[in-house]
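The values are calculated or read from the model by the stated rules, or taken from the named source; none is laboratory data. None of these values were measured; they are calculated from a predicted model. Counting neighbours? That spans all protein chains shown, and the Cβs are built from the backbone with ideal geometry, glycine included. Accessible surface is based on the protein model in full, side chains and every heavy atom, while ligands, DNA and RNA are left aside. Shrake-Rupley method; radii C 1.70, N 1.55, O 1.52, S 1.80 Å.
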Amino acid sequence: FRFKDSLAEDLQSADLVISHAGAGSCLETLEKGKPLIVVINDKLMDNHQLELAKQLHRDGYVLYCNCSTLVETLQSMDLSTLKPFPPGQPEKFALFLDTVFGFQ
């Protein structure tokens, strides 16, 4: 997609999502429980997308590749190896902030 206000409907109906490795795209997809292949842009400065993709892959949540290996990834993928992404725990973050700022 070039631009859409929301991908919620598309994500809901998807069986597989192929996306760039932006944090928002990855987290929104994983929170919906959809299998995800992230395609990194290896031309980005400091390549932060690669760092995120590698970590999510190490944790077992996504498959990743670059444009030149996407077809190979699709042909060899085993989505059953992916783990469900755990739900967020905002209360832990709030408790951490309370502690840091001396509210606890």
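Take the alpha-carbon centre of segment 60-101, take the same for segment 1-18, and report the distance between them in whole Å.
17
Could you work out the Rg to Rh ratio of the chain, with Rh taken as the Kirkwood radius (inverse of the mean 1/r over all Cα pairs)? Please report the intermediate quantities before stating the final value.
Numbers: Rg = 16.0 Å, Rh = 15.2 Å.
Dividing the radius of gyration by the Kirkwood radius yields 1.05.
With +1 on each Lys and Arg Cβ and -1 on each Asp and Glu Cβ, how big is the dipole of the chain about its Cα centre, in debye rounded to the nearest 20?
Numbers: 9 positive and 14 negative charges, 21 e Å.
That gives the chain a dipole magnitude of about 100 debye.
Please compute the net charge surrounding Phe85, taking Lys and Arg as +1 and Asp and Glu as -1 over other residues with Cβ under 11 Å from its Cβ.
Numbers: positive: Lys32, Lys34, Lys83; negative: Glu28, Glu31, Asp59.
My count for the surroundings of Phe85 gives 0.
Based on the Cβ-Cβ distance of Leu27 and Ser80, what FRET efficiency does E = 1/(1 + (r/R0)^6) give at R0 = 25 Å, to the nearest 0.05?
Working: r = 22 Å, r/R0 = 0.88.
It comes to 0.70.
For the pair Leu16/Asn47, report the inter-label distance in nm, with labels modelled 7 Å from Cα in the Cβ direction.
Inter-label distance under the simple model: 2.4 nm.
May I ask you to order 27-40, 62-75 by the average number of other C-beta atoms within 10 Å around their residues, highest value first?
On the way: 27-40: 18.9, 62-75: 14.6.
Order by mean packing, descending: 27-40, 62-75.
What list of ³J(HN,Hα) values in whole Hz, one per residue of segment 66-82 in order, does the Karplus curve 6.51 cos²θ - 1.76 cosθ + 1.60 (θ = phi - 60°) give from phi, with Gly and Pro shown as x?
Values per residue, Gly and Pro as x: 10, 4, 6, 10, 4, 4, 4, 4, 5, 6, 10, 5, 10, 5, 5, 7, 7 Hz.
Using θ = phi - 60° and the Karplus form 6.51 cos²θ - 1.76 cosθ + 1.60, what ³J(HN,Hα) does each residue of segment 15-24 get, whole Hz, x for Gly and Pro?
Each residue's phi maps through the Karplus curve to give 9, 8, 10, 10, 9, 5, 9, x, 4, x Hz.
Roughly how many percent of the accessible protein surface of the chain is carbon and sulfur, given a 1.4 Å probe and a whole-percent answer? Present the calculation step by step, with values, prior to reporting the outcome.
Working: 4290 of 7610 Å².
So the carbon and sulfur contribution to the accessible surface is 56 percent.
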